[in-house]
Structures are given as structure tokens and as C-alpha cells.
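Enquirer: One structure is given below, represented as C-alpha cells, and several questions about it will come after.
Values in this text are rule-based calculations from the coordinates and carry no lab data. Bear in mind the structure is a predicted one, so any value in this text is a computation, not a measurement. Here the Cβ positions follow ideal geometry from the backbone for every residue, glycine too, while neighbour counts run over all protein chains shown.
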Amino acid sequence: MALPFLLLALAQPAAAAAASTVPPFRVGPPVWNPTGDYVIAGQDEAGYRRWVMQQAWRPGLVSSFHRYLMDNQVALIVPTWQLLRTASDWAKCGAEPFEVPPIDEWAHVVQTLRFVRDYVIPAVGPVEPVSAYRNPILNQCAGGARESVHMSMSAIDLVPLLPIDRGRMMSRLCAAHAINGPRYNVGLGFYAKLRFHVDSWKYRTWGRNDAGTLACPASPPRPAPVLVAPVATPESAEPPAPVASSATLPPADPLAPR
């Protein structure tokens with residue numbers, strides 16, 4: 001009976017030595033995932049692909065919206081499919097994760113996208129929309145303001161795709177907005193973490209930084225004429241007719257239905 005205990009006693013120092021040679025566990029840097037707090041399964045790329053094919057009329061309507069953005073030279077600033085995201089709380093509200101806004105609202109997003117292209121992306125790098133058009137029922141359920149311009153497709157909530165801290169993001173966007181916001185009639189707002197709002201309804205700012213003070217210091221708006229470029233009239237929502245040569249087609253949205 002003594003032999004097993006002897007062998008066990010001899011094995012313990014060896015086991016302890018082996019354990020001491022195991023390298024310590026190291027925690028790697030956190031993964032940068034700016035959309036993780038706002039986009040759940042169903043509102044991601046795979047969810048869009050499922051949604052657009054669930055109804056026979058959806059591919060044609062999405063294509064019409066994309067062609068409208070092309071006509072106004074604001075397509076592919078962000079992927080078209082991401083502009084169809086509704087509210088982040090769509091699932092809680094029993095709503096659709098994506099929705100093409102009514103045709104008579106399409107013009108309202110053009111000026112917003114111009115500001116995103118001309119000043120937001122140069123300030124903070126590429127961005128991803130996490131919420132754009134919300135119909136009135138969904139807007140109310142999601143806690144949107146009663147007069148929210150998300151209901152008119154003027155507003156887009158975005159997050160930066162390149163690593164940046166919240167303070168630096170705010171300072172860069174506030175500076176761009178103070179100088180150029182009046183010309184575009186742009187509203188700029190900040191929410192928790194890295195989510196921010198851009199619209200072209202009225203020049204204004206809101207939101208607070210991590211210190212609890214105003215994100216954008218209050219200052220008189222610079223006198224500048226509002227920049228209103230012509231906006232093309234939306235086409236019919238019918239699918240496009242066949243064309244003789246593919247060379248005449250505009251560049252395709254990478255996620256538009258084929």
C-alpha cells in the first residue's frame with residue numbers, strides 16, 4: 001500500500017514544475033466593433049439579403065432607390081443597403097429590420113449624404129449607418145422624438161468604422177459642423193458611446209461629452225448661404241427595363257439584388 005503513495009508523492013513536484021512552465025494567460029486588445037451595440041442579427045448583411053428576397057417587389061424598389069442616389073451623385077458614400085436600416089429596437093417593436101422610405105421622402109436624404117461625404121468622412125474616416133428611415137409607428141415605439149426627422153428620411157445615425165475615442169470624434173465633427181454646417185443646414189447630435197446623428201433639416205447641435213458639458217461649444221453660427229443643390233425627381237418604383245448594353249448602367253451597389 002505504501003508504493004502508490006510514494007509514487008504519488010514523487011509525481012507532485014514534477015507536476016508543480018510543469019505547471020510553473022506554462023506561460024501566463026494574456027488578454028489581447030479588445031476587438032473594435034463599433035456597430036456591436038446597435039446592430040443585432042437580422043439587421044446585418046445576411047439579414048438584409050434575407051429581407052430583400054422575402055417579397056417579390058422589394059428588389060425592384062431597392063434598385064429604384066439606389067438609382068435615385070446615383071442620379072444625385074450620393075450613391076456608395078455608404079452602402080445603399082445600410083441606409084435601409086430602421087430603428088435599432090426594431091425587433092423589440094416587432095417591426096421590419098429594413099424599409100425603403102416612401103418615394104416622396106427620398107429627396108431629404110440627399111443633402112445629408114452630401115455633408116457626410118464632404119465633411120464627416122474627411123473628419124473621422126468611413127462611417128456606417130445604424131438607423132435611417134423610421135415610419136411613425138416604429139419611431140414612437142423606439143422612443144424617437146415626436147417630430148423626429150428620421151420619419152422624413154432626413155436623418156442618419158452613424159458610427160465611425162476606424163478606431164477613435166469619443167472625445168476626439170466629437171471635437172472633429174463639431175469643428176466641421178461649426179464651419180460648414182450652416183451651408184448644409186445640418187443638425188449634429190451625439191448619443192451614448194460612438195453613435196452620432198446627422199440631418200439636413202435645421203442647423204443645430206445637441207449631446208454632451210463624457211465630462212457632462214456640451215459636446216459642441218455654443219457659438220453663433222457663421223453667416224453663410226444655405227447650400228441647396230438641385231435634387232433629381234425620383235423615378236417610378238417599378239424595376240428597370242432591360243437595356244441594350246451593360247456599359248450604360250451605373251456602378252452597382254455591392255449588395256443590391258442581382
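Enquirer: Pull out the extension gain between residue 145 and residue 37, defined as 0.36 nm times the separation in residues minus the alpha carbon to alpha carbon distance; nm, one decimal.
Expert: Details: separation 108, 0.36 × 108 = 38.88 nm, distance 2.07 nm.
Contour length minus the Cα-Cα distance gives 36.8 nm.
Enquirer: Distance between Cα centroids, the range 151-204 to the range 27-96: provide it in whole Å.
Expert: 20 Å
Enquirer: Grab the Cα-Cα distance for residue 202 and residue 76, subtract it from 0.36 nm times how many residues apart they are, and report the gain in nm with one decimal.
Expert: So the extension gain works out to 42.9 nm.
Enquirer: Could I ask something else about it? For a Förster distance of 22 Å, can you work out the FRET efficiency between the beta-carbons of residue 209 and residue 179, rounded to the nearest 0.05?
Expert: 0.70
Enquirer: By how many nm would the segment from residue 92 to residue 105 grow when fully extended, if each residue of separation counts as 0.36 nm and the alpha-carbon distance is taken off?
Expert: 2.1 nm
Enquirer: Pairs of alpha-carbon atoms within less than 8 angstrom and 6+ residues apart define the contacts here; what relative contact order does the range 39-234 have, in percent?
Expert: It comes to 20 percent, rounded to a whole number.
Enquirer: Related question: Just grab the label-to-label distance for residue 171 and residue 54, each label 7 Å out from Cα along the Cβ direction, in nm (one decimal).
Expert: With each label placed 7 Å out from Cα toward Cβ, I get 4.4 nm.
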